[in-house]
Amino acid sequence: SIITAAGAIMATAFGGFLFSSCPVLLQWSFLMTTAVLFDTMIVRTLVVPILFYWLGNEWSWWPRKLATITIANHQTTTPSSSNRHHEEEENNLTEPLIIT
């Protein structure tokens, strides 16, 4: 997915510093590359889903199906030109919304 691709790109960028001649830069690039790959491949793909499964739905903030909105007593009439504004206001005020 997108997270895995972003992690691979970051690991490639940090891994590029492994070809440096500076010992400190070599150490930091190895550390960052290893950390990013561990986070991408192990933590985000295995550990996080397992923890959310164990903790249950009350701790999970993952997307759920949205409630459907139904307009009750919806009438499609064409008002006359003289009463058009008044009837539009009346229709907007009297139609209850039912959320299921």
Using a 1.4 Å probe on heavy atoms of the protein chains only, the accessible area for residue 47 in Å², nearest 10, reads 60 Å²
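For the peptides 29-38, 13-22, what is the packing order when you average, over each peptide's residues, the other Cβ atoms within 10 Å and list the highest mean first?
Working: 29-38: 15.5, 13-22: 12.3.
Ranked from most to least packed, the peptides come out as 29-38, 13-22.
The values are calculated or read from the model by the stated rules, or taken from the named source; none is laboratory data. Everything numeric here is computed off the predicted structure, so don't read it as measured data. Backbone-built Cβ (ideal geometry, glycine too); neighbour counts: all protein chains shown. Please note that ligands, DNA and RNA were not included when accessible areas were found on the heavy atoms of the full protein model with its side chains. Shrake-Rupley method; radii C 1.70, N 1.55, O 1.52, S 1.80 Å.
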